[in-house]
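*Asks:* Attaching a single structure in structure tokens format; questions to follow.
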Amino acid sequence: MSSSKPPLLENATRDLADFAASIRFEDLPPDVIQRIKTSALDSIACCLYGATLPWTRKVADMVEEEGAAPVAAIMGTGRRSSVANAVLVNATAGHAFELDDIHKESILHPGSIALPIALAYAERDGGWSGRDVIAAMATGYEIGIRVGNAATMGLFFRGFHPQGSSGVFVGAACAGKSLALDAGRMRHALGIAGSQAGGLMAAQEGAMVKRLHAGRAAQSGVYSAQLAARDFTGIGDVLEASYGGYLVAYSDSPNAARLTDGLGTIWETAKVGYKPHASVTSIHSALDALAQIMQENRLGPDDIESLDVGVSEMTFVHCAWDYKAQGVTAAQMNLYYGLAVIAHDGVAFVSQYRQDRLSDPRLLDFIRRVHARSDPEINAMGPAFRHAATVTARTRDGRSFTLRILNRRGSPENPLQPGDVEYKFRNVVESCLAPADIDEVVRLCDTLEALEDARPLIDLLSMPDRAAE
């Protein structure tokens with residue numbers, strides 16, 4: 001069925017495809033190059049640590065049974081598979097522990113999709129420089145993020161997980177650039193990818209499949225680009241079509257203008273941030289507010305009689321559901337559990353989300369003292385403040401402390417610096433790589449644009465995990 005309604009934005013898919021096909025490393029602004037280098041280091045940490053986790057291993061075992069041509073590394077395993085299978089595993093690993101980078105407006109974690117794709121093609125085809133890796137990743141980031149921006153929070157409120165839905169456009173654009181698709185074939189790659197979008201938010205309450213959303217987005221992007229390279233056709237107006245197009249199908253409030261606003265002059269890639277906590281980004285301001293209140297006033301968890309937490313409506317819907325020890329995924333997505341581990345440990349990082357912590361009676365006791373609500377004042381500030389939080393702690397001796405944080409650490413307004421990301425990298429991969437190899441990965445990412453051959457970096461990441469040996 002065709003629609004008589006006009007497109008949401010004339011030629012939007014064509015214009016994005018033309019731009020994606022035209023991107024060269026030499027055209028990238030310095031801040032975009034630096035952001036991709038930092039994201040590469042952060043994403044490598046996510047992939048290597050994620051490769052050790054049981055949900056990723058299940059995907060890796062399934063892939064190994066297929067016996068595909070071993071041309072691309074499955075990170076941290078010493079094994080190889082086809083490009084499509086390798087990115088399925090590696091992108092699942094990248095999103096496997098809620099540590100991957102985040103673009104606030106689009107609600108996307110582009111690094112866990114783009115890095116595995118760029119490195120898989122670099123290994124398969126050989127002869128890639130660090131500049132080639134940066135250009136492919138930046139293409140995936142910029143196109144996918146713009147699609148996510150245009151989908152708005154309406155996509156999320158409709159129940160779709162942006163990583164699995166808008167994420168396919170990160171994958172298709174990165175794979176298309178890796179294959180040097182011309183503008184016409186890039187358009188078809190995007191048009192094929194749009195029909196592969198998926199991922200349901202109900203997965204956050206304990207299902208392993210949430211991690212797979214990134215893997216499938218990456219694999220679908222690869223298949224879309226490889227089919228387009230064979231002149232397989234996709235939906236030419238997949239983004240803007242008024243009937244059955246991506247935006248109208250997935251979002252109840254799309255903003256198509258965000259697809260091309262400032263295209264080529266404003267780089268959304270430069271707005272990507274990083275996570276200091278191993279949990280869903282939406283709760284980070286609340287976690288930091290509680291940590292600051294407790295540190296400044298020398299409070300312990302038993303000193304707190306009650307905690308009132310005001311958050312945006314999106315964060316409330318996303319994260320403030322009754323906590324049950326359903327698994328690591330559910331704990332990482334839950335506001336109450338995150339606040340409880342902050343109260344007891346002062347951090348919410350890798351060890352706080354071990355399986356043996358999820359039913360800790362002390363954490364459950366603290367959770368019973370927490371009240372969360374949708375804060376009208378925060379909601380009135382608009383979508384840009386959807387990560388804001390107001391935390392009030394009342395103590396057993398009658399004192400009250402309130403702190404509001406509008407911009408979480410790692411956001412464009414309150415960014416983590418490259419040194420902070422390096423610190424995070426070293427801590428995340430300390431069980432995965434030897435100390436000398438950790439130093440070398442840091443050096444290679446820091447000088448990525450100067451590498452004439454990306455192979456030394458790929459070789460380091462393809463080695464078996466130390467802990468598994």
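*Asks:* Might you let me know whether segment 407-423 holds any residue that is modelled with pLDDT of 95 or more and either in contact with a Phe, Trp or Tyr (Cβ under 7 Å, 6 or more places away or on another chain) or in a strand (DSSP E or B) (or both)?
*Replies:* Scanning segment 407-423, I find at least one residue that is modelled with pLDDT of 95 or more and either in contact with a Phe, Trp or Tyr (Cβ under 7 Å, 6 or more places away or on another chain) or in a strand (DSSP E or B) (or both), so the answer is yes.
*Asks:* Another one. Considering only residues of segment 385-414 that are among the aliphatic types (A, V, I, L, M) and buried (at least 17 other Cβ atoms within 10 Å of the Cβ), which is farthest from Ile293 (Cα to Cα)?
*Replies:* Ala388
*Asks:* Return the total of residues in segment 42-97 being part of a strand (DSSP E or B) and touching a strand residue (DSSP E or B) at 6+ places or on another chain (Cβ under 7 Å).
*Replies:* Selection size over segment 42-97: 5.
*Asks:* For segment 18-38, what are the residues that are under 27 Å from Ile235 (Cβ atoms) and either in contact with an Asp or Glu (Cβ under 9 Å, 6 or more places away or on another chain) or free of Cβ contacts under 8 Å to residues at least 60 places away in the same chain (or both)?
*Replies:* Matches in segment 18-38: Phe19, Ala20, Ala21, Ile23.
*Asks:* Find the helices (runs of 4 or more DSSP H) located wholly in segment 237-344 whose residues include 3 or more that are buried (at least 24 other Cβ atoms within 10 Å of the Cβ) and modelled with pLDDT of 95 or more, and list them.
*Replies:* 284-296
*Asks:* Return yes when Ala454 is exposed (fewer than 13 other Cβ atoms within 10 Å of the Cβ) and among the small types (Gly, Ala, Ser) and no when it is not.
*Replies:* It is false that Ala454 is exposed (fewer than 13 other Cβ atoms within 10 Å of the Cβ) and among the small types (Gly, Ala, Ser).
*Asks:* Collect the residues in segment 358-383 that are surrounded by fewer than 22 Cβ atoms within 10 Å (Cβ to Cβ), free of Cβ contacts under 8 Å to residues at least 60 places away in the same chain and under 22 Å from Leu299 (Cα atoms), keeping them in residue-number order.
*Replies:* Within segment 358-383, Asp360, Pro361, Leu364, Asp365, Ile367, Arg368 meet the criteria.
*Asks:* Ok, one more. Going by the conditions given, is Gly130 open to solvent by less than 10 Å² (accessible area, probe 1.4 Å) and in contact (Cβ under 8 Å) with a residue 40 or more places away in the chain?
*Replies:* Criteria met by Gly130.
The values are calculated or read from the model by the stated rules, or taken from the named source; none is laboratory data. Not measured: the values here are computed from a predicted model. Here Cβ is always computed from backbone atoms with ideal geometry, including for glycine, and neighbour counts include all displayed protein chains. Side chains included, ligands, DNA and RNA excluded: accessible areas come from the protein's heavy atoms. Shrake-Rupley method; radii C 1.70, N 1.55, O 1.52, S 1.80 Å.
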